[in-house]
Structure formats: structure tokens, C-alpha cells
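A short worksheet on the structure shown next.
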Amino acid sequence: MKYQHILLLFTALVSCLTVAARGSTFELNEHPDLLQKEKPTPLNRRDSVSLRDQGFPIIHSGGFLVQANDSSFLLEELVVSAYHIDSRLSRVPGSISVLSGEEIRVGDANNFAHVLHAIPGIYMHSGTYATSRIIIRGVGSRTPYNTNRIKSYLNDIPITSSDGISSPEDVDLLDISRMEVIKGPASALYGSGLGGNINLYTPSVARTTLQATLQHGSFNTTKAAAGGSWHKGEFGLWGNLSHVHSDGFRENNLFKRTSLLSSGSWKQPAYTLEYTVLLMDLEAGIPSSIGKTLYETNPRAAAANWNEVKGFKAYRRAIGGITLTNRFSNRWDNRLTLFGRGTDSYERRPFNNLDDGTSGGGLREKLTYHGDRWDALLGLEWMSDAYRWEMELEGDLINKNRERRNHTNLFGMVYWRPNDRWNVSLGGATNKVDYRLTDLFSKNGNQSGSRSFPMIFSPRLGVNYAPSSGLALYASAGHGFSMPSPEETLLPEGDINESLKPEQGMQYEAGIRLSLFNNATGLEAAVYRIDLDDLLVTKRVTEDIFTGINAGRTRHTGVEPTLQQRLFQLPSFPGTLHLSANYTYSRNKFIDFEEDGNVYDGNRLPGVPSTMARGTLQWRPLPLVQVEARLQHVGPQYIDDANTVKNEPYSLCDLKASYLIPTPSMGEFELFAGVNNITNTHYSPMLTVNALAFGNAEPRYYYPGMSRHYYAGVNWKF
């Protein structure tokens, strides 16, 4: 489908707004209790109410719980936590995107990219279920095979490793009840993470439930999950065990993941004790990227060298944390989180085999004061990890190292409300990072050493002005940074690069939030500019050797509008129709960048689409039937710094239908079926930027996307 067709579709849909807005009225529940200065509990759209049990269809949409009945929608505004002080979304002094559990479990609930692309400004390269890279506002586009410019949390527990690598996609989508995303530099809030933050939350427990999912689809992809919650008095426990198996679209593409995630709380008048535990076992074949000829003629093929050795990666991961929240008074509270984590992994590769693992932990402390006109917090996050790795080839050890990493982040924030219309935030953070390397393989010389980076201070200022319940304006400026990973600090010879600097930058953004036509239309738009200095880029020396260099300056600018619209609502057929749409225009370019004598000033950054658009239609023709259609367009993107190779734009269309079967004694059954990539588009959802050509082979730029594929299953909830 051509891009022009998508624009025509969006134009046609938006043209319905005026007519649609004259339908049934909307009522806004302002929840005045949330305006109290006592710290409110974040809302959970799945567990806070059970309207469906009363016969009301539910639609979850863009920061609101929408109840569809015969005469009105009830829009319950979200309370968000990502800015440290729980606040109504319309009062947050900065850009934040929120997705509910229903929005997260879209489609087949296996592809994390489908979820993130519901948010403008984010693009997730997704080569396989186990190979991905998340880019926010163009930051992190040149990282080869992982996400290392974004900080991720699960229930306030850092799940980003001390080397800066984040893999929020390891958390099963069925386990997430809410996702909050801050885009751009936010180091004053969360420390190292120049691209932004992804915060995940498990379901809160309001009642005792049981639930199970069984699903099967193309490429022998099967998902089975079972879990539930238990609630009695002040205790609440939740857990879910899931297993995903797929033969994969390509050769050597087997994927198996078993995960257990559990959380719970014990609430007392003066304190609350919470826990979170994640256990995961993953094994995945690595088909790797392929050259253009193979990509066009046989996209299901794996790279020949990876297929020959049956390359794969396998790892086990454990994360656990305990949080104690003390309420000293209705003005003071303290939240202390202690966490530990460990990973043991192995990767079989054509050039060598890597055996590595990490163990460590830390704490996160926040002391908060709630006043009549202002709130303040002071916090500390400290983490320490021990990383060990060794490489061997054909049974011969070629490298063995151990590394200790320490990261300390001291942060503070003040929110001042001179009146009900204004919310001003001012904050900052001081960060300190150091690495110590111990070389345990003496045959190639002793390369032990340490690297201690200077302290970095990151300030942030944000303002929100809300003259009415239907309008809010915000602006912010904030500093961010990303530390080089320990691997990037190593020179090809193995010595530590003492001259390598952290990547730093400033973001300036402004935005508007609108609620129009009696709350029938929700519109948000943000504009931003990010200036980065000492750009960290990963330079590929050989197929298996990478090193980091500072490469000058880049500038990132963009516009991100989002629309939530009820197109119509009727008490009987054709029922209700809701539109969610977003669009991203970004311009990410090198301002000052020279490498190996080549000057790339003015060139576009590779691996970032210049435009993205997505629209989702949710149609509920009958109270127990729902149809969801999703249309996405990804614009062209360069694959190399010289801008000589370009990945063509592509469009995808997905469809899903579900039917709800409530029973008086057996709970609720939901039958669903869907098809992804209906048009069978040939596309590459992940690129290896600046891939090198070895010998007479082509550069291996492309990870082919899945052809048309189907799935069906059943959800049971009791």
C-alpha cells in the first residue's frame, strides 16, 4: 500500500470527527480525590473496576478507561508515576506516553514492536523475537544488535544492566498492565539513558482471579500461559507463567522462552511491603542479517556462516526486588527498593563462542514531601555488577576477563503549584560511573585496568499550564547522557581507551494536550530538538571486533501528533468505533562527524525512519464482539553514514477479531483470531547499519520481516 493511500485513509477518518462528535455525550470524571496531597495509588485499568462483569463493554484508549453504555462514555484520567510524583496525566510538566494492559496485548501479544509503535517517536528494529534495537527520537540508531541508550524499570526495579543494555522485550506482554515512556534525555529523573525511559508495571491486585491463554499460529508459533491473583484483607499476590515456542520464519530461527513473573504487596496503615520476581529461560537461533541478493530472492534463508554452525544464544535471567514504602504522615513518605539480579548466557558464533554472565544488585531510595502547593523528593540509586566473560574457538580459550561496574545516581526534584493552573518542576541529578577490568588470560598480555568517569550533573526544568480541563500546555528542557559500555571502552587490541567520553545532550520540547467535543476527541502534539555532543558510535573493525569512538555532534528534531477519536457510538449495531492514530516526522542528522577521513556533516543518521504513521480502528459492533484493524507505515531510512544505501518504505496491515463468551459458573472465555501482514509485504524491520563486506560477499544489511501469518487462540478468566 502506498504512503499516499495511508494519508488518504487518515484524512478520510479525521474528516468524520465533526460528525462523530455530535453523537452521544461524554462525561469526565475528574476524581477530585486524586488532587489531595496524599500520595495516590497509580490506577490500573484492568483491575480497578470490573464493568464488563456487569454487562458493559470496555474500550481502553490512550490514557483513559472508556466505558461504553447506552448514553455516555466515562473517561477516567490516568495517574502516572514516571516523573517520581504520582500525578494526573494532564498535569505532568513534560511529554509522557502511557499504554494500558489492553493496548499492550494487541495482536498476537508476542511482538514488542507492535506495542511500542503505538507511541510516536519510537521505532523498534525487530529482526527476530530475540534480536532487536529500540530507538527513541533517533537516539541509539547506530548500536549494532541491542538497546543501549534507554533506561528500563520493572516496578521501580532497574532492568537495565550496568553496561547500559536494556531488553524490556524480555518481559512477556501478558505480564504488563501499564507502560509509561519518557522520550529523550531524562537523566535528571533516571540517570544514564540519553534516549529516554521505559517503565513497566505488573497488575495490582484487587480481587482473586484465575486466567489462562492458549494460542497457536503460523511457523508453529505456540503460546501458553496461566496465572492469577489472590487477594485477602491486606495481602495481594499475582503471578503468571508463560511459554512461547516458534520454529521461526527463517532458517535457524527457533525461539523458546519460559518466564515466571510474580509480584505482590502487604499493606498496613503506616507502611506497604511489595515484592517483584522475574525468572526467565531463553534459547534462540540466530539467522543473522543477509545481503541484498538473498534478501530479495530467498528472505527465509539464514546467513550462510551462522546457519553452518547453527549459531544460537541461550541465557537464564533472574531479577528480584523488595520495596518498603513508609508513610510517616500525610506529607512525608519514603520508598526503599533493594534488588538483585543475575544472568548466565552462552552464544555460539561462527568466529568464536562467548560464555558470559552478570551478578549484582543495588538499591533505590526516594524520600518525598507533599505540601499544599509543592512537592519535593530526594533520591539515590546505586547499582554494582560483576561481569565475567570468556571466548573460545574450537575448544581453545582466547580471552577471559572479569569486570566490576559501579553506578551511583543522586537525584532531586521539586514541583511547585502556585495555583491550580500551573505546575513547575525543577530538578537535577549527579551521576558517577566507574569500571575495573581484570584480565584473566595472560597469553595475550595483561590488559587489566580501570576507568573512572568524572561526575556528570544533569538539570531539568519543566512547566505545565492547564487553564481548563480540556487544555494543557507544557514545555521542558533537560540534560541527558549515556556512558560507553565496557566493551566500547576497549580498543581492538584489548587496552582501555582512556580518551573515550560519555555522550551528552540537551533536549528542548513543547507540547499541547487537548480534549475536544465534550471529550470525544483527545489530541496531543509535541515538538522537540535534541543536540548531542561527543556522539558515541560503535565502529566495526572486523566481523567480531567492535570498538567505541566519539564522533562529533548530531541534531534531532521532530513533530509527534497523537489522536484519540470516538467516530461513533450507538446503543445497538453498528455499535462503537474508535480511532487511535499517531504520526512522527523526524530529521536526525550529523552536524560534525568525521570517520577514517570521511566527512559526513549534514548527512542523515542511518537506521532511523524519517516518517512513521500508525492508525488503529477498534470496532465493537455488538457488546461481545470486537474487531481491530491496524495500519502502519514506515518511511525510508538510510543504512550507512554516507547515505548511499537506503531501505525502502513499507506499509503493514493487521487484523484481529474476538468474541467474548461469559458463563455464569465458568468465568469468561474470549475466542480470538488474527492475521498479520495481510498484504504479504516484503520488508526489512531491522537493519545492520554500516555493515561491512568481507571478501567478495555483499554487506549484510537486512533482517527480512515475516510474510503473511495467522494465529488463533482462547483467553479464559475466572
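The values are calculated or read from the model by the stated rules, or taken from the named source; none is laboratory data. Remember, predicted model here, so these are calculated numbers, not experimental data. A quick note on method: Cβ atoms are made from the backbone with ideal geometry, for glycine too, and the neighbour counts reach across all protein chains shown.
Points to keep in mind about this one:
- Candidates are the residues of the stretch 237-292 that are outside any strand (DSSP E or B) and acidic (Asp, Glu); the one that is nearest to Glu169 (Cα to Cα) is Asp247.
- The single condition among (1) at negative phi; (2) over 11 Å from the mean Cα position of the chain (by Cα) that Lys151 does not satisfy is (2).
- Qualifying residue in the stretch 587-603 (condition: exposed (fewer than 15 other Cβ atoms within 10 Å of the Cβ), of a type in the set (Gly, Ala, Ser) and over 29 Å from the mean Cα position of the chain (by Cα)): yes
- For beta carbons closer than 7 Å, sequence separation of 6+ or different chains, a first residue in the stretch 464-486 that is under 30 Å from Tyr145 (Cα atoms) and a second that is assigned to a strand (DSSP E or B) and among the small types (Gly, Ala, Ser), the qualifying pairs are His479/Ser458; Gly480/Ser458; Gly480/Gly505; Phe481/Ser458; Pro484/Gly548.
- Here is the figure for the stretch 291-337: residues that are farther than 30 Å from Leu278 by Cα, touching a residue at least 60 places away in the same chain (Cβ under 8 Å) and of a type in the set (Val, Ile, Thr) total 1.
- Glu503 being under 27 Å from Tyr435 (Cα atoms) and touching an Asp or Glu at 6+ places or on another chain (Cβ under 6 Å): yes
- Test: Ala712 is touching a strand residue (DSSP E or B) at 6+ places or on another chain (Cβ under 8 Å) and either polar (S, T, N, Q) or part of a strand (DSSP E or B) (or both): yes
- Residues that are hydrophobic (A, V, I, L, M, F, W, C) and either surrounded by 21 or more Cβ atoms within 10 Å (Cβ to Cβ) or under 20 Å from Tyr702 (Cα atoms) (or both), drawn from the stretch 604-640: Leu605, Val608, Met612, Ala613, Leu631, Val634, Ile639
- Of the criteria (1) touching a Ser or Thr at 6+ places or on another chain (Cβ under 7 Å); (2) touching a residue at least 60 places away in the same chain (Cβ under 8 Å); (3) surrounded by 18 or more Cβ atoms within 10 Å (Cβ to Cβ), which one Gly379 fails: (1)
- Residue check: His216 meets all listed conditions (1) buried (at least 21 other Cβ atoms within 10 Å of the Cβ); (2) part of a strand (DSSP E or B) but one, namely (1).
- Residue list for the stretch 228-255, filter: over 23 Å from the mean Cα position of the chain (by Cα), of a type in the set (Gly, Ala, Ser) and surrounded by fewer than 21 Cβ atoms within 10 Å (Cβ to Cβ): Gly228, Gly233
- Strands (runs of 3 or more DSSP E) fully within the stretch 522-612 counting 2 or more residues that are modelled with pLDDT of 95 or more: 553-569, 576-592
- Filtered by the rule that a residue be surrounded by 18 or more Cβ atoms within 10 Å (Cβ to Cβ), more than 23 Å from the chain's Cα centre (by Cα) and closer than 22 Å to Tyr190 by Cβ, the stretch 324-359 gives Thr325, Asp333, Arg335.
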